[in-house]
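J.: One structure follows; several queries about it will come next.
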Amino acid sequence: MRNCVVEDSLDNLKTQLQSYENHEFKDHASRGLSVKQLVERPDWIKGPAFLSEPEEEWPGVEPAVSEESPESTDVEVHAVTAEDQSQDNAIDQLIEHYSSWTRLRRAAAWWLRLKKILRTKQRQSHNFTDALTVQELEEAECAIIKHAQKSLQLDSKLTNLDPQVMDGMVRVGGRLKNAKIPQNAKHQLIIPKDHHIETLIVRHIHGEIHHQGSNHVLAELRQKYWIVKARAKVKSVLGKCIICRKHRMPVSKQKMADLPAYRVKSDDPAFTVTGLDYFGPFHIKQGRVTRKRYGMLFTCMNSRAVHIEVAHTLDTSSCIDGIRRFIARRGPVKVIHSDNGTNLVGADNELQRALQELDQDQIQNFSTSHTFEWRYNPPAASHHGGVWERQIRTVRKLMCAILNEQHLKTCRSDEQLHTFMCEIESTLNSRPLTRVSDDPDDLDVIAPR
């Protein structure tokens with residue numbers, strides 16, 4: 001019985017093959033044809049001739065097993081079709097694949113063009129390689145948004161927008177129908193929350209306006225789209241933008257070391273540990289001769305008090321005389337800190353050359369005989385002397401204020417220069433070291449004097 005069924009099946013198969021031959025169902029690529037035969041038979045490109053005829057006239061194909069066959073009752077045929085859910089999953093995978101709104105629209109436009117070409121019978125009139133048009137990109141965007149809006153859920157936040165369906169897409173309602181503004185601005189497209197295109201659109205607008213802030217991005221977004229809880233989404237996307245994080249990242253600062261012990265001691269008298277630096281020069285008149293004078297700034301490393309002396313020259317003897325006057329007025333000193341002479345950044349060349357010529361051995365002998373220690377900062381490390389460098393900047397600021405923003409060019413005598421330096425010293429020592437409080441019960445601010 002089974003042999004008879006097999007023979008019947010073979011006979012039906014031969015009949016089908018003959019039908020294929022009659023209708024030119026030949027597979028020329030695998031069967032082999034000469035070049036001349038291949039050129040003369042265009043059906044391998046256009047397909048069989050019956051495809052250009054109505055579907056009712058297409059030839060049918062008989063099943064291999066007849067209904068009278070004994071085995072036909074034991075065979076179950078399951079038809080597998082592309083359901084809407086599987087199509088949605090494929091589209092979702094396509095959307096999730098792209099991280100750019102522009103690339104997603106172009107990819108969707110190419111797929112829609114291919115779909116349109118396959119549905120038309122005159123395929124040769126279409127060129128698949130032509131550049132995409134603006135209309136095709138807009139159609140692709142509409143198709144993407146229509147698919148995304150399938151996940152919209154009717155809740156209180158959506159109903160408050162008075163949603164309306166226009167051109168197959170859900171838009172924001174409202175009372176601006178007669179307003180003379182663009183249609184997209186009157187009725188924005190509603191984008192479902194937590195959808196992938198939500199992130200792509202926000203990221204695209206952020207790049208179009210050259211990485212501006214969240215408020216600017218939100219204003220541009222509302223010109224066409226409406227995202228539920230858009231402000232939180234915009235801040236989330238902008239917080240992950242690599243370009244913005246690079247440009248707005250605060251400059252990293254090196255953690256500073258602990259303050260030295262002499263900077264935080266409160267039981268030592270003022271100027272026990274002192275910083276010294278030069279500034280100037282200043283010109284004075286002595287008859288018809290113009291001479292140079294320099295300022296020696298002494299600052300207490302603990303109380304931040306300031307003492308200023310006038311040095312006539314930059315030689316070693318003038319430096320020692322200035323220190324002796326300072327000690328005579330302010331009391332004994334244990335340690336003096338100063339620059340090394342080669343790293344006076346910001347001073348003029350003459351001051352640098354003169355300080356390099358100071359006899360450091362003679363100064364060291366003088367400090368030893370007066371029972372205090374002289375410590376020099378490392379070369380090319382002016383930041384070690386930030387305490388006195390900052391006070392010199394304040395001195396320059398006061399000089400400009402006292403002279404009404406005019407440069408101090410020439411003083412009539414040493415007496416006028418000494419008076420000028422004493423006034424600057426007094427102002428520096430009256431500056432507040434703490435913040436002024438608004439509470440009347442608080443104590444007065446702390447000042448060096």
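Bear in mind these aren't lab numbers, they're just calculated from the coordinates by the rules spelled out. Since the structure is predicted, the reported quantities are computational estimates derived from the model, not experimental observations. FYI the Cβ positions are ideal-geometry reconstructions off the backbone, even for glycines, and counts take in every protein chain you see.
J.: Label residue 401 and residue 375 with points 7 Å out from Cα along Cα→Cβ: what is the distance between them in nm?
T.: Here the answer is 3.2 nm between the modelled labels.
J.: Pop the C-beta distance of residue 178 and residue 253 into the FRET formula with R0 = 60 Å and round what comes out to the nearest 0.05. List each step's numbers first, then the result.
T.: Values: r = 58 Å, r/R0 = 0.96.
The calculated FRET efficiency here is 0.55.
J.: Return the whole-Å distance between the Cα centroid of the stretch 307-334 and the Cα centroid of the stretch 242-294.
T.: Taking the Cα centre of the stretch 242-294 as reference, the centre of the stretch 307-334 is 19 Å away.
J.: Which of 46/115; 177/229; 180/235; 150/177; 150/240 have a Cα-Cα distance over 20 Å? Please report the intermediate quantities before stating the final value.
T.: Numbers: 46/115 17 Å; 177/229 24 Å; 180/235 31 Å; 150/177 25 Å; 150/240 28 Å.
Result: 177/229; 180/235; 150/177; 150/240 exceed 20 Å.
J.: A follow-up question, please. For residue 98, enumerate residues with amide H under 5 Å from its amide H, sequence gap 5+ or separate chain, H modeled in the peptide plane.
T.: none
J.: Treat the count of other C-beta atoms within 10 Å as a stand-in for reagent exposure and order 298, 50 from fewest to most.
T.: On the way: 298 26, 50 14.
The order, fewest Cβ neighbours first, is 50, 298.
J.: Still on this structure, I have one more. Can you tell me the order of 378-387, 138-147 when each peptide is scored by its average per-residue count of other Cβ atoms within 10 angstrom, highest first? Don't skip to the answer; put the middle values down first.
T.: Details: 378-387: 13.5, 138-147: 17.6.
Ranked from most to least packed, the peptides come out as 138-147, 378-387.
J.: Next question, about the same structure. In what order do 169, 301 fall by count of nearby beta-carbon atoms within 10 Å, going from fewest to most?
T.: Details: 169 16, 301 24.
Listed from fewest to most nearby Cβ atoms, that is 169, 301.
J.: Next question. Starting from the amide H of residue 283, placed 1.01 Å from N in the peptide plane, find each other amide H under 5 Å away whose residue is 5 or more places distant or on another chain.
T.: When sequence neighbours closer than 5 places are left aside, the close amide H contacts are 293, 411.
J.: Expressed in nm to one decimal, what extension gain is obtained for the pair residue 211 and residue 185 from 0.36 nm per residue of sequence separation less their Cα-Cα distance? Intermediate results must be reported in sequence, preceding the final value.
T.: Values: separation 26, 0.36 × 26 = 9.36 nm, distance 2.20 nm.
The span from residue 211 to residue 185 would gain 7.2 nm if fully extended.
J.: A follow-up question, please. Evaluate E = 1/(1 + (r/R0)^6) for residue 422 and residue 204, where r is the Cβ-Cβ distance and R0 equals 56 Å; express this FRET efficiency to the nearest 0.05. Show your work: numbers first, answer last.
T.: Details: r = 67 Å, r/R0 = 1.19.
It comes to 0.25.
J.: Still on this structure, I have one more. Residue by residue, what Karplus-based ³J(HN,Hα) values in Hz, rounded to whole numbers, does the stretch 432-438 have, using 6.51, -1.76 and 1.60 with θ = phi - 60° and x for Gly and Pro?
T.: My calculation for the stretch 432-438 gives x, 9, 10, 6, 6, 8, 8 Hz in order.
J.: What relative contact order, as a whole-number percentage, does the stretch 146-200 give when Cα pairs under 8 Å and 6 or more residues apart are counted? Each step should come with its number before you reach the end.
T.: Details: 49 pairs, mean separation 18.5, N = 55.
With pairs under 8 Å counted, the relative contact order is 34 percent.
J.: Next question, about the same structure. Once you have the Cα-Cα distance between residue 89 and residue 315, take 0.36 nm times their residue separation minus that, and quote the gain in nm to one decimal.
T.: Details: separation 226, 0.36 × 226 = 81.36 nm, distance 8.76 nm.
Going from the current span to full extension adds 72.6 nm.
J.: Starting from the Cα-Cα distance between residue 438 and residue 232, subtract it from 0.36 nm times their residue separation and give me the gain in nm to one decimal. The partial results should precede the final answer.
T.: Working: separation 206, 0.36 × 206 = 74.16 nm, distance 3.81 nm.
Using 0.36 nm per residue and subtracting the Cα-Cα distance, I get 70.3 nm.
J.: Quick one: which residues, 5 or more positions from residue 226 or on another chain, have an amide H under 5 Å from its amide H? H modelled 1.01 Å from N in the peptide plane, none for Pro or chain starts.
T.: HN-HN under 5 Å from residue 226: 189, 190, 191.
J.: Show me, for the stretch 188-197, the HN-Hα J-couplings you get by feeding each phi into the Karplus relation (A = 6.51, B = -1.76, C = 1.60, θ = phi - 60°), rounded to Hz, glycine and proline as x.
T.: Those phi angles translate into 6, 6, 7, 9, x, 6, 6, 8, 5, 5 Hz.
J.: Tell me, what HN-Hα J-couplings in whole Hz come from the Karplus equation 6.51 cos²θ - 1.76 cosθ + 1.60 at θ = phi - 60° for each residue of the stretch 307-323, using x for Gly and Pro?
T.: Per-residue couplings from phi come out as 9, 10, 10, 9, 9, 6, 9, 10, 7, 5, 4, 5, 5, 5, 4, x, 5 Hz.
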